[in-house]
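Structure record follows, encoded as C-alpha cells.
Read-outs throughout are calculated quantities, based only on the coordinates presented, and are distinct from any laboratory measurement. Because the structure is predicted, anything quoted here is derived from the model rather than measured. Heads up, the Cβs are rebuilt from the backbone with ideal geometry, glycines too, and the neighbour counts pull from every protein chain shown.
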Amino acid sequence: MSATHLSDNQRARSAIFKRLREIPVSPLPAPDVQAYFRAQPTVLVQSSANRIERFITQAKSWRTEIIEATPGTWQEYVAEVVQKKSLQRLLAGRGTSFSEGLNRALGNKLSWYDEDLSEIKPILFSETDAGITTVRSGVAETGSLIVWPTHNEPRSLSLVPPVHIAILYASDIVETLFEAVSTQNWASGMPTNALLISGPSRTSDIQRTLAYGAHGPKELVLILIRDDVANTQARA
Amino acid sequence: MNTALQGAAQTASKKPSQVYFFATCVIDMFSPQSGLDAVDLIERAGIKVLFPLKQSCCGQPAYTTGFSSDARLVAAAQLDLFPAPWPVVVPSGSCGGMLRHHWPKLFADDPVRLEKARDIAARTVEFSEFMVNTLGLDLSGASAQPVTVAVHTSCTARREMDNHHHVRRLLKQMPGVEVVVQEHESECCGFGGTFSVKHPEISSAMARDKVDAITATGCDALISADCGCLLNLNGNLEKRADILRGEHVATFIRNRLDHSSGSPNRLETSK
Amino acid sequence: MSVTEHIVRPEDFKLRSRESVADPKLRGNFRGAMDFLIDKRAAQFPDNATFTLLRKVGETTRKHALSRLPDLLDQLEINLQRLGVNVHYAENSADANRIFLEIAKKHHADMMIKGKSMVSEEIELNQAMATEGIECIESDMGEYILQIDGDRPSHIIMPAIHKTKQDIAKLFSEKIPGATYTEDVDELISMGRSVLRDKFRDARIGVSGVNFMIAETGTIALVENEGNGRMCTTIPDVHIAITGIEKVVEKLEHVVPLYALLTRSATGQAVSTYFNLITGPRRVGEKDGPREMHLILLDNGRTQAYREEKFRATLQCIRCGACMNHCPVYTRVGGHSYGTAYPGPIGSIISPHLLGLSGTRDLPTASSLCGACGEVCPVGIPIPEILMRLREAARNNSDGADQALRGQASARKMLEALTWKAWRILYSNSFLYRPFVFIATRLRWLTPTNQAGWTTSRTPLRPAPRAMRELLAQRNKQREKN
Ligand code: SF4
C-alpha cells in the first residue's frame, strides 16, 4: 500500500470516528438471543415428526436429494448415485473419515483435491462432475447442511462442480442453526469459511421463475447415514 | 343472542353518561351527516353527547406535511376543550390516531400541555371501536334487506389504532349484510393528506386501483370509518360517474336501524 | 459491454414517477412481482405474534449495535487485522473508488468479478472503474442481465424485476455470442452461467458486498441463493468486500435472528441457499480461498444519520426490501423513478443522508404514510415517522439544537409556509374558525373546480351546505320545540 493511501485511510478513519464519538449515545441493552430461542425454538410451528424426519422434509423442499443409508451400506449408495447420474470424474478430500470408503466405492473415478486451487483449477472447472464433502451438522428447522471446509476439503469442492454429494450422519442433525452456533461454541474459533447450504444453487432473477444451478452446483445429493436407530432399513 | 352481542352487552356496562364528540375539520365541513349519524347512535344508547363549539382540527394535515410547529398551535387550541373525564369520541380513524399517538409527541417538550395531551390521548376512542366496546347497541333488529358491503379500512385504523376489526364486527351483528372483500384490501386508498396534492399522479393511480377493486366486487354499499378515505374514494367514484358512494359506518348503521324495510341505503355524497 | 447509462437523478422523481405511473406494462410487472413477494413473505410469518417476537430481537440487536457503533468498529478492526484482513475506511464514494483502484493496480488487474453489492451501486463502482480501464463484471444473474443491457437495478433484492423473460431472451440473443433466442428460463440461466464461469475462473479480484459483520470474531456474513457470492469470495486471489459502517453487530449469535428475519422478509425463504461466513483470508495449509482480503467500510452520509436519534434508526436496516415490496407507491412507480441506488421507502429515508436533502427532497413526500413499510420492517424502523421528520427538515432550518442535515430547508417555499401559517391562524382561533366555516359552507359554489392535484382523478372538494355544528344546533333546537 502506498504512503498516500495510508494517510488517506487515517484521515477517513479519524473523521468517521470523530463524527461517531462526538455525540453522546447511551449504550442500549444487548438482545437476549438465548432466551428468545429457548422460548421460541423455531419460527414456524414445527410438526410432530421427529427431528430427522423434519430435516428430511425440509431438505427435500429445497430440492436436496436425500439418500438414506446405514453406516455399513453408505458406500454402495454413493456408488449407485454415481452410476445413476453417469458421473465420470469425482473429486473428494483425503484424510476424512469417509476417504477410504469412497476410494473403495469409486475406484479410479475418484481423484483427490491434493493441489492448490491454482493448479487444480482446470480440472475443477472443466473436468469434474461432482465434488464430495462431509457435513458437520444438519439443521432440522430448515433442512440445511452446515459445512466447514478444511485444508482437506477446500471450499471450492462444494461449489464449483455441477453436482455436490454431501455425507451426513443423522446423529449430527441439530434443531436450529442457533443450537449449532451456541452448543458448538462457534464464536471461540471460526474457520476461514463456514457455510450453511440449503439445496442446490438457485435463482429467480428471470421473471420470478425458479431455476437451479445459477452458479453453484445444479444438484445437491445428500447421503444421510442413519446411525440414529439400530437396524435401520435404509430406504433408497 | 349471539356471542358477539353478549360480549357487547357485557362491556356496555362501563358506559359513561356523557362523551365528548370531536368531529374534526373533515366531518364538520365536508361530511356533516356522518357526524350527525354517529351522534344519533351514541344518544340511542342513552349517552349525552357534548360537542365543544370551539373545536376545529387535530392538526394532522400540517403535522404530516412537515409543519409541526403550525400543527402544534392548532392542536394546542383544542387541549382545553375536553376538561371532564369523559371519553373523546372521534368519528374518523386517522384523526383519532393523531390524538392518541401524535399529540403527546407534539408536546414532548411542554410539560403542561403534554399532560393535557396525554390525558386526552388516553380518553380518545374511534367511533366504531366505541360502538363495539362500549355502546353495545342491539343491531339485530335492523333491516334484513339483503345488501353486499365492501369495507375500506383506513391505514391508521389498521396499523396505528389496531381497530380495523370493529366495523366488520358491527356489520356482522346486522341481518342481511354480506361483506365482500376487494382485492388488495389492506392497501392504502392513496389519500395521504397533502400527498394527494404533492404527487397527484401516484395518489390518483392508487385511488383508481382501489375504486376498481371495490367496484369489481359488485357491492351495493361501501363502508368506512374514516372520512378522509371517503372523500378520496367518493371524489373518484363521482368523477367516473359511478353511482356507488362510500358512506360512514354510522350512516349505514343508522339507516339500517331506521329503515327496517325499504331501500337499504340512502346515497350520501360529499357535495 | 454496453456503456449506455440511463442518467436518472432523484431530482427528476416527479417527472419519472409520472411517466412510470402511465406505463401499464411496468405497473403490471411490478404489481405482479410485489404480490408474489408479499405472499411468499406472509407464508413465512403465518402468525403475527411470532413475527413480532422475532422482530423485537432483530430490532434490539440492531439498536444495541448502533448504540455502540464506534466501539464495535474498533473491535471488528482489531479482529480483522489479527486475521490478516486489510481494513480501509472511506468517507465517501471517491475514497472507496480510489481504494479499489489502488488494489487493482497493485495486482495489475483489468477486470474484477462482482457479487451483488448495493453499496457498490451506491458508489457507482462500475462507472468509476470503467474510466480507469478496469472492467467490473456483475455476476448476480439479475445484475448481469442489467449490465449487458446498460440498465440499472430497480429493486435491491430482485434487481431485474422490471424485465420480462421475453426482454431477457431478446437481450441474450443479441449480446451473448453464439446464443440463440429462447424463452426457456433454465436455458437462459445456463447461458449466463457458462459466460460467467470463465470470469470466475480467470478473475484476479473478486468483489462482494456484506450482509453482516461480527465484531467479536472478525467475520463477514453473506446471504445469497446463486453461489456467485461464494465464487467471488473463494476463487480469485484477492477478495475486496465493501459495506457501510453500520452493518456490524457485536456477537456471532446476534446474526442468527437477523438472518432468520432477512431471508423471510426478503424473498419469503426460511433460509437462503447459502449463508456464507468468512473469517479472514486463506490460512496456512489451505488450498483455496483468497490470499489477500480487503474490507472497505464506507461512511458516505451514514455518520450524519447517526447523529440524530430519529435518523439513527435508519441505520438499523438489513436491506431486505420488504418495505418496497409492500409500498403502494413503489409498486406503482417502480424502482427507477427514484433515481437512487436504494429505491422505495428505505431509499426515501436513507438517500437524503447519502446525497443530501436538496436533491432528494421529493422522496420523503412520495408516501401516503400508510405505514405498510413500518409494519413489515423486520428490524422495526419507524419509516413513516422518519419520513415526516425529513419532510420537516426539508422545510425548516433546525434551531441549532441538532446537527444540520445537508440540504436542510431546501424545499422551503414561501407560499407553502404562508399557507400553513394562514391555516394555523384560522384553525387555532375559534373566533376566526367559526365564521370561516359559516362562510365556506355558504359560498361553496365558489369552490374552484380545478384543485391542483386533487382533481386529477376526483371531483372538486367542496364544503357541505351546512357544517355539522350548525346542523347539530338546528337539530337540538328542533328537539327542544317538540
Ligand atoms: S427499512 Fe426495514 S423493510 Fe426496508 S429494507 Fe430495511 S430492513 Fe427491510
Worksheet item: Any idea what the relative contact order of chain A is, in percent, if you count C-alpha pairs under 8 Å spaced at least 6 apart?
Response: 25
Worksheet item: How far is helix C:165-175 tilted off the main Cα axis of chain C, in degrees rounded to 10, range 0 to 90?
Response: 40
Worksheet entry | Amide proton proximity set for residue C:86, modelled H, under 5 Å, gap of 5+ | C:293, C:294, C:295
Worksheet item: How many angstrom separate the Cα center of the range C:229-295 from the Cα center of the range B:191-244?
Response: 46
Item to complete: Would you grab the residues whose amide H sits under 5 Å from the one on residue A:228? Only those 5+ places off in sequence or on another chain, please, with H modelled 1.01 Å from N.
Response: A:170, A:171
Practice prompt. Could you compute the FRET efficiency for residue A:229 and residue A:89, with r as their C-beta to C-beta distance and R0 at 35 Å, rounded to 0.05?
Written response: 0.50
Worksheet, complete the sentence: To the nearest 10 degrees, the tilt of helix C:252-267 (Cα long axis) against the first principal axis of the alpha carbons of chain C is 70
Worksheet item: How do B:29, C:118 rank when sorted from fewest to most other Cβ atoms within 10 Å of their own Cβ?
Response: C:118, B:29
Worksheet item: Between the range C:349-375 and the range A:123-140, how many Å separate their Cα centres?
Response: 45
Item to complete: Would you give the gap between the C-alpha center of the range A:160-236 and the C-alpha center of the range B:72-147, rounded to a whole Å?
Response: 55
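Arrange the peptides C:212-221, C:159-168 so that the one whose residues have, on average, the most other Cβ atoms within 10 Å appears first. Please list the in-between numbers first.
Values: C:212-221: 24.3, C:159-168: 20.4.
Highest-to-lowest ranking by the protection proxy: C:212-221, C:159-168.
Cβ neighbours within 10 Å, averaged per peptide: list B:222-228, B:100-106, C:184-190, A:145-151 in order, most packed at the top. Intermediate results must be reported in sequence, preceding the final value.
Values: B:222-228: 28.4, B:100-106: 20.3, C:184-190: 18.7, A:145-151: 23.0.
Highest mean packing first, the order is B:222-228, A:145-151, B:100-106, C:184-190.
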Discussion item. Give me, ordered by chain and number, the residues 5 or more places off residue C:244 or on other chains with an amide H under 5 Å from its own placed amide H.
Written reply: C:298
Practice prompt. Run the quick spin-label model on residue B:259 and residue B:215: label points 7 Å from Cα toward the beta carbon, then report their separation in nm to one decimal.
Written response: 2.2
Worksheet, complete the sentence: Final fewest-first order of C:377, B:189 on the 10 Å Cβ neighbour count is C:377, B:189
Practice prompt. Work out the mean other chain Cβ neighbour count within 10 Å for the residues of A:7-15 and drop it here as an integer.
Written response: 5
Fill in: Two-site FRET efficiency, residue C:478 against residue B:43, from Cβ-Cβ distance with R₀ of 22 Å, rounded to 0.05
0.95
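FRET efficiency for residue C:81 and residue C:415, Cβ-Cβ distance as r, R0 = 45 Å, nearest 0.05? Provide the component values of the computation, followed by the final result.
On the way: r = 56 Å, r/R0 = 1.25.
It comes to 0.20.
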Worksheet entry | Helix C:383-395 axis, angle to chain C major axis (alpha carbon atoms, nearest 10°) | 70
Worksheet item: Peptides A:110-123, C:29-42: what's the order by average Cβ count within 10 Å, highest mean first?
Response: C:29-42, A:110-123
Practice prompt. Report the relative contact order of chain B, percent, no decimals, based on alpha-carbon pairs under 8 angstrom and at least 6 residues apart.
Written response: 20
Worksheet entry | Per-residue mean of C-beta atoms belonging to partner chains within 10 Å, peptide C:446-458 | 6
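Once you keep just the Cα pairs under 8 angstrom separated by 6 or more residues, what percentage relative contact order results for the range B:159-267?
Values: 94 pairs, mean separation 22.7, N = 109.
Normalised by residue count, the contact order of the range B:159-267 is 21 percent.
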Worksheet entry | In chain A, lysine pairs closer than 26 Å at Cα, eight or more apart or cross-chain | 11
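If you take each beta carbon of peptide A:184-192 and count the beta carbons of other chains within 10 angstrom, what is the mean?
On the way: counts 0, 1, 6, 7, 3, 2, 12, 7, 15.
Counting Cβ atoms of other protein chains within 10 Å of each residue's Cβ and averaging gives 6.
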Response to the item:
Given Cβ charges of +1 for Lys and Arg and -1 for Asp and Glu, the option among C:64, B:64, C:445 whose Cα lies farthest towards the positive end of the dipole of the protein assembly as shown is C:445
Practice prompt. Please give every one of the lysines within straight-line cross-link reach of residue C:170, meaning a C-alpha to C-alpha distance under 23 Å, and leave out same-chain neighbours fewer than 8 residues apart.
Written response: C:25, C:199
Practice prompt. Counting other beta carbons within 10 Å of each Cβ, put A:80, C:91 in order, fewest first.
Written response: A:80, C:91
